[in-house]
Structures are given as C-alpha cells and as structure tokens.
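The values are calculated or read from the model by the stated rules, or taken from the named source; none is laboratory data. Owing to the predicted nature of the structure, the values given are computational and were not obtained by experimental measurement. Using ideal geometry, Cβ is built from the backbone for each residue, glycine included, and neighbour counts are taken over all protein chains shown. Areas reflect the complete protein model, heavy atoms only, side chains present, ligands, DNA and RNA absent. Shrake-Rupley method; radii C 1.70, N 1.55, O 1.52, S 1.80 Å.
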Amino acid sequence: MKLWLAKQRYLIDFTLASLARRKARNLGLLFVYIVLVFMLASVTLYTHALRQEAARVLAASPEVILQRMVAGRHDLIPPGYQERIGRIRGVQKVEGRLWGYYYDAVTKANYTFMVPAENAPAAGEIIVGPALERARGLAKNNGISFRSYSGKLHTFIVAEVLPQASELVSADLVLMSEASFRAFFDYPAGHYTDIALSVANPLEVRNVAVKLAAALPDARPILRDEVLRTYASIFDWREGIVLALLSAAILAFGILAWEKASGLSAEEKREIGILKAIGWETGDVIKMKFWEGLLISLTAFLIGFVAAYVHVFHFSASLFEPVLKGWAVLYPRFQLTPHIDGVQVATLFFFTVVPYAAAVLVPIWKAAITDPDSVMRS
Amino acid sequence: MIFQPAIIALLLASALCVLALAASAPFAVEVIRRWDIKSGSERQLQLERRTYLFSTLLTFVLGLQLAAVLLFVFNAEKMSGMFVGAMCAVGTLNVNALGFPALNAKIAVFFLAAIWLAINHVDCRARDYPLVRMKYALLLALAPLLAASAWIELQYFLGLKADVITSCCGSLFSEGSPTLAAEASSLAPVPAMWLFYGSLGAAIALAAWHGHGGGRSRAAAYFLAGASALAFAATIAGILSFVSLYIYEHPHHHCPFCVLKPEYGYQGYWLYVPLFGATAAGLAAGAVQPFARIESLRGIVAGFSRRLAAIAANGFALTAAIATAMIWQSRLILLEH
C-alpha cells in the first residue's frame with residue numbers, strides 16, 4: 001500500500017512539473033474549464049436557493065385554500081358559503097380572506113391589496129411593502145391616493161412599512177382594514193375572496209380536500225403541498241432547460257479538451273518517447289496523463305464552484321437572474337440563504353468532469369502508445 | 001420530468017456507458033478470435049495497443065456505473081417531494097412499475113462491474129495478459145445487461161408523471177403486504193439479529209481466514225464470496241427488520257430508504273456504502289480465484305485476493321459496528337430483557 005501511495009506521489013510530482021513547463025497551454029484550458037464549472041454551478045446553486053426560499057416562504061401559508069369557481073373562473077365566496085363547509089374533522093380554523101389586485105398607472109405595476117387576519121390597520125391607514133415604498137418614495141405617515149376602479153379617489157395614511165426581511169412575499173403588498181378594502185373595491189357585503197383552512201395533521205390534508213370537494217362541488221381546494229411541488233418542479237424545469245442549453249457549451253468544451261489533448265507538441269511527444277525509452281510502460285504514461293486530467297479537473301471544479309458560490313450569494317447571481325427568477329415590475333430584492341446540496345454537487349461533477357474525462361481518453365491513449373524510436377528519430 | 005439535472009446526468013452516464021460498450025464490442029470479438037500473445041504480427045501488435053485504450057475506457061465507464069448507483073438513490077430521495085404521496089425514495093421509485101427494476105438492475109450492474117474491474121486489474125498486472133479472452137468474453141456477456149439497465153432507467157425516467165399518487169414506504173414495508181420486502185420486514189427481530197450478526201461475523205471470519213492464508217486458499221475465497229452474498233442479503237433483511245426500527249425509534253416503520261433522509265442525518269449512507277463496498281470486494285475475491293492456477297498470475301491473484309479480503313472484512317465490520325452504534329443510541333426498546 002505504502003509503495004503504491006509513494007508511486008502515485010511521484011507520478012503527481014512529475015505531472016505537476018510537466019504541467020508547469022507548459023503553462024500557457026494548460027492555463028488556457030483551465031480557464032475555459034473554470035468558466036464552464038462556474039456557469040453550471042451558478043445555475044444549480046441559484047435554483048436550489050430559490051427552491052429553498054419558496055419552501056421557506058410557503059411554510060407559513062395555510063394548508064388548504066378554497067376558491068369558488070363559476071364557469072371555470074375564480075369567483076367571490078357568497079355569504080353562507082362558509083357555513084356549508086360545516087365541521088370537518090381535523091380542520092382547526094376556517095376563515096374568509098379578502099384580497100385583490102390593483103393596477104397603479106403611476107408605477108405601471110400591480111399591487112396586492114389585502115386585509116390581514118390579525119393586527120389590521122385602522123380605517124384610512126395602510127401598511128405597505130418595501131418595494132412599493134421604494135417605487136412610490138413613501139415613508140411613515142405620508143399620505144397616498146389611489147383611484148379606485150369606480151373612479152373615486154381614496155387617500156390613505158401610511159402607518160407602517162413592512163420590514164425588508166419579508167420582502168420576498170411582501171414586496172407589492174398593501175395591507176388595510178376590512179372597511180377600507182370593501183369601500184375601495186365596492187366589495188359586496190358578506191362576500192370574501194377565498195377561504196383559508198388550517199389543518200394540523202399533514203397526513204389529513206388530502207382527506208380534508210376530498211371532503212371539501214364532495215361538500216362543495218363548485219369549489220377548488222388548493223393544497224400548500226401542491227403549490228410547493230409546482231414551484232419545485234418549475235425551478236427544476238428552468239434549471240434543466242438552462243443546463244440543456246448549456247450542454248452545447250459542455251460539448252464545445254469537450255471538443256476543446258479533445259483538441260488540446262490530441263494536439264501534442266513535438267516537445268511533449270519527445271518527452272513521452274524518452275520516458276518510454278527509459279523504461280516507462282504504456283500503462284504508466286496513461287496513469288500520468290490520468291493524474292494530469294484529474295488535477296486539472298479538481299482545480300477547475302474547486303475554483304469554478306467557489307466563484308459560483310460568491311456570484312450567487314454575494315452578487316445575487318446577476319448573470320442568470322433574469323432567466324431563472326422570473327420577472328415583475330415590483331420585483332422583490334432579496335438575499336438568498338447560502339445552501340449547498342450534495343446531489344447538486346454530485347450532479348455538477350457528472351456534468352463537467354465526466355465529459356472532460358471522456359473527451360481526453362482517446363488522445364491520451366494515442367499519446368501513450370507512441371513508439372520511443374519513432375519519436376526520437378523524427 | 002426528464003429535465004431534472006440529476007436525471008440528465010444519470011442518462012448521460014448511461015448513454016456514455018452504452019456507447020463505450022458498443023464501441024468495444026467489435027474489438028472484443030476480434031480479441032476473442034485473433035488474440036495470440038506469441039505472435040509478433042502487425043495485427044497482434046495493434047490488438048495489444050488497443051487493449052490499453054479499451055481497458056482504460058471500460059474502467060472509466062464501469063467506475064462511473066459504481067458512482068451512478070449512489071446518484072440514482074440520492075436523486076430518488078430528493079425528488080420524493082414532487083410526487084403526491086411520496087415521502088422518501090420509495091415513493092419516487094413507485095411512481096411507475098419500472099422504478100424498482102431500474103434500481104435492482106443498477107445494483108446488479110454495480111456488482112458485475114466490480115467483478116469485471118477486479119478481473120481486469122489482475123489481468124493488466126500479468127506480463128502475458130492471460131485473461132484477455134476471458135475478460136472480453138465476459139464483457140460481451142455484460143453488455144446486454146448494461147444496455148438493458150440503461151433502457152429500463154430511461155423508460156422509468158420518461159414515465160415519471162408528477163400527478164400520479166404513489167404508494168409510500170408505509171404500505172410497501174408494512175408487515176401484511178404480500179411482497180418479498182414485506183416478508184423480510186415481518187421477520188421477528190431476534191432471528192433477524194442472529195442472521196444479521198451471524199452472517200456478518202461469518203463473512204468477516206472467512207475474510208480473515210482467507211487473508212491469513214495469504215489469499216492462497218481457494219476454498220476460503222469461494223466461501224468468502226458466498227458468505228459476502230449471504231451477508232448482503234442478511235444485512236438488507238436486518239435493516240428492514242430491526243435496524244430501521246431503532247433508527248426511527250418507531251416499532252412499525254421498516255423503510256430502508258428513509259434512513260437516507262436529512263431528518264435522520266443521512267445515517268443510511270454510513271450503513272450502505274461500507275456494505276456495498278465490502279460485498280463487491282468479497283465477490284471479487286471469489287471471482288478472481290479460478291485464475292490463480294495460471295502460471296503468470298499465481299502471485300498476483302493471491303496478493304490481490306488478500307487485499308480484497310481485507311477490504312471485505314473491514315467493510316463488513318464497519319457495517320456491523322455502525323448498525324450496533326445506531327441501535328445503542330436509539331431510545332426504542334424492542335426487546336425486553
């Protein structure tokens with residue numbers, strides 16, 4: 001075992017020295033390799049962080065949301081509807097929610113108006129989200145007017161601005177009292193937008209949804225798990241698409257690696273010839289080349305991955321953001337929580353190191369079988 | 001569902017493997033028909049040179065298959081969040097009928113690839129390549145299996161539909177259902193423990209015996225291979241029957257996949273990686289043994305076999321130690337005494 005280790009050490013030593021002799025060539029390849037790992041790692045790290053963020057945000061949302069449908073469209077919940085749900089075992093709380101969208105011509109963006117279940121502001125006052133604060137230049141105790149859909153102008157006092165930490169969910173949020181909400185939208189009395197149900201036991205959620213669908217055939221229950229799953233598969237799908245597009249880059253890189261490895265310089269050929277003349281076997285030359293590839297791969301992987309980490313978590317992935325995040329006028333600014341996932345690293349390794357290894361295999365072999373005499377004679 | 005990064009990576013690895021095998025098949029046929037180490041002809045020289053290429057290539061793709069098993073399970077575990085009713089890898093594998101066949105095929109490929117790699121290793125160290133024909137004949141036999149495994153995997157991934165309600169480990173590994181896994185699960189803990197520790201102990205003892213004899217005893221090597229296969233089956237049965245219960249601290253949860261979840265600190269990998277490594281080493285020790293009679297391999301096979309026995313003994317011992325530590329730490333009382 002010791003002998004084997006010593007042998008590998010000497011091989012690595014020799015390989016490093018030989019790599020250092022051809023700096024310019026190897027640095028070029030290393031640079032391209034690093035860029036490739038950097039791009040792929042940025043994509044995977046970023047989507048994974050987004051997925052985590054979505055899961056974290058949705059963790060606090062109600063287990064089941066019930067919407068009433070009319071002709072396949074979302075409609076208001078009429079009075080008496082909640083009572084028809086009756087008592088379903090396992091449901092802790094049933095509450096009607098009031099929310100809606102408002103298009104503001106000034107910022108050309110949609111706001112979400114909502115009546116919070118607890119701590120609603122006093123009538124005539126609102127609480128706004130951070131992105132709205134930025135877009136309209138608001139501060140505490142400022143007044144702001146919105147023209148309602150009926151054409152009347154409503155003026156509100158900003159009682160509070162929501163904290164930055166919640167920006168991912170509250171960027172475009174405007175919280176107001178029930179009376180203000182109903183007055184602003186001319187919302188019919190006793191009607192609600194939808195119904196939120198809290199279910200304590202996660203295993204019961206599906207049963208509750210089945211019972212709801214049976215009791216109210218015109219209603220659509222939306223489960224939190226389903227929303228989460230949809231988000232996860234959307235982000236995965238986007239990641240997969242970007243990776244599939246980048247596979248062209250992987251292919252190009254493979255071709256480059258092949259070219260680099262097969263275009264042996266006369267000096268390299270002589271080197272291999274001399275090595276074989278002094279007693280190296282073909283297998284030894286392959287081993288040396290294997291170490292060369294491994295060293296380059298690991299270096300590139302490490303540097304590329306660290307660079308991607310910095311790019312995603314310190315510079316908010318500015319290069320890939322538009323594709324992966326989606327788009328909105330009032331897009332929340334948020335800092336992602338750093339998270340590295342084992343599957344992601346393993347997948348990334350498969351995506352970068354395997355194509356490289358596959359591409360250089362044949363050229364390495366070709367170099368290794370060179371006859372010493374033919375090289376030295378030429 | 002095909003646009004999952006890990007799935008693309010797995011399919012990439014499988015495709016590479018099948019391509020490499022397809023590329024080496026004509027060469028394998030040529031070697032079997034024309035190989036003659038004594039000849040100095042141009043063709044023989046060509047063949048000898050090409051063996052370097054193909055043995056490196058195959059080492060690479062089969063090595064990749066060893067890693068792919070891990071990624072496959074890892075990925076199944078991670079994707080369980082996307083299917084209704086799935087809580088761990090079992091749910092993902094149960095989304096369609098091909099999930100478990102795909103996993104089983106991958107595990108079979110893992111062990112066969114390990115055996116082939118061991119034979120290749122022995123052959124490459126001998127001066128006159130005594131096993132080259134045998135090696136490539138085995139490769140030709142292995143090729144359809146690998147292709148089938150890749151095909152099942154592809155069909156499984158293509159058939160992944162997120163709207164399918166799958167059955168999860170609770171129903172598959174519960175004691176009443178009519179499957180082999182359920183039968184293993186319903187094994188009473190005391191006999192299962194005897195089987196678990198007995199077979200691991202036997203495998204360790206045989207490996208020690210084989211190693212002590214310098215890897216020369218043929219009988220010991222075959223017994224070791226048999227004991228390794230048995231220990232593998234017994235360990236899996238033991239995990240199903242009682243180790244999982246101790247880990248989950250729950251008297252009825254028999255799932256062998258939930259142990260891989262982050263909630264349980266990825267403990268399963270500590271259990272499975274040494275087990276798979278040790279089993280592969282034990283099987284390989286037996287597989288290289290028939291060639292010990294060949295003159296140029298005598299010392300090589302013995303030395304290599306001895307090292308494999310050491311790996312097997314350590315791996316099995318590690319598996320047993322880790323399982324014992326998990327049971328020790330658990331607050332579940334399964335057996336009253």
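List of remarks:
- Projected label distance in nm at A:Y309 and B:A23, using a 7 Å step from Cα toward the beta-carbon: 3.4
- Near A:A359: Cβ cut-off under 12 Å, other residues only, Lys/Arg at +1 and Asp/Glu at -1. The net charge is 0.
- Accessible area in square angstrom per residue, chain A, 1.4 angstrom probe: 50
- Annotation: the protein assembly as shown has a Kirkwood hydrodynamic radius of 29.9 angstrom, from the mean reciprocal C-alpha pair distance.
- Distance-filtered residues of region A:163-193 - backbone nitrogen under 20 Å, label point 7 angstrom along A:Y101 Cα→Cβ: A:168-176, A:181-182, A:184-188, A:192-193
- Label separation (A:R134 vs A:R220): 3.2 nm, computed from points 7 Å beyond Cα along the C-beta direction.
- Area of A:E178 that stays accessible when all protein chains are in place (1.4 Å probe, Å², to 10): 80
- Rounded to the nearest 10 square angstrom, A:F14 shows an accessible area of 60 square angstrom against a 1.4 Å probe.
- Geometric extent, Cα atoms of region B:168-332 - Rg, Dmax (angstrom): 17.4, 57
- B:H250, A:H314, ranked by accessible area, largest first (probe 1.4 Å): A:H314, B:H250
- Burial of accessible area (probe 1.4 Å, heavy atoms of protein chains only) in region B:66-98, relative to its chain alone, reaches at least 50 Å² for B:L71, B:F74, B:K78, B:M82, B:V84.
- Debye intensity ratio I(q)/I(0), log10, chain B, q values 0.15 Å⁻¹ (C-alpha model): -1.25
- 10 Å-binned pair-distance histogram of region A:93-172 (Cα, whole percent): 16, 54, 26, 3
- Two-decimal ratio, chain A, of alpha-carbon radius of gyration to 2.2 N^0.38 Å: 1.47
- Virtual paramagnetic centre 7 Å along Cα→Cβ of A:A200, amide N under 11 Å, in region A:83-106: A:90-93
- Buried area at the B:A interface is about 2700 square angstrom, summed over both chains, from accessible surfaces computed with a 1.4 angstrom probe.
- Apportionment of accessible area to carbon and sulfur, chain A, percent (1.4 Å): 62
- B:R49 accessible area, 1.4 Å probe, all protein chains in place, Å² to nearest 10: 70
- Phi-derived couplings, Karplus 6.51 cos²θ - 1.76 cosθ + 1.60 at θ = phi - 60°, listed residue by residue for region A:71-84: 6, x, 10, 5, 10, 6, 8, x, x, x, 5, 4, 5, 5 Hz, with x used for Gly and Pro.
- Around the Cα centre of the protein assembly as shown, unit charges on the Cβ atoms of Lys, Arg, Asp and Glu (plus for the first two, minus for the last two) sum to a dipole of about 1880 debye.
- Spin-label proximity, B:T324 to region B:196-223 - amide N less than 20 Å from point 7 Å beyond Cα toward beta carbon: B:196-209
- Modelled FRET efficiency - R0 56 Å, A:S265 with B:K161, Cβ distances, 0.05 increments: 0.55
- Using the Cβ-Cβ distance between A:S166 and A:K93 with R0 set to 25 Å, the FRET efficiency works out to roughly 0.70.
- Here the accessible area of region B:175-330 is 70 percent carbon and sulfur, with a 1.4 angstrom probe and all protein chains present.
- Built from the Cα atoms of region A:63-218, the convex hull projects on average onto 10.4 nm², one quarter of its surface area.
- One way to sum up the overall shape of region B:1-138 is the equivalent ellipsoid from its Cα gyration tensor, whose semi-axes run 39, 13, 11 Å, largest first.
- Looking at region A:100-169, the GluC sites (Glu not before Pro) that sit in a DSSP loop and have at most 11 other Cβ atoms within 10 Å of their own Cβ are A:E118.
- Region B:168-332: relative contact order as a whole-number percent, Cα under 8 Å and 6+ apart: 29
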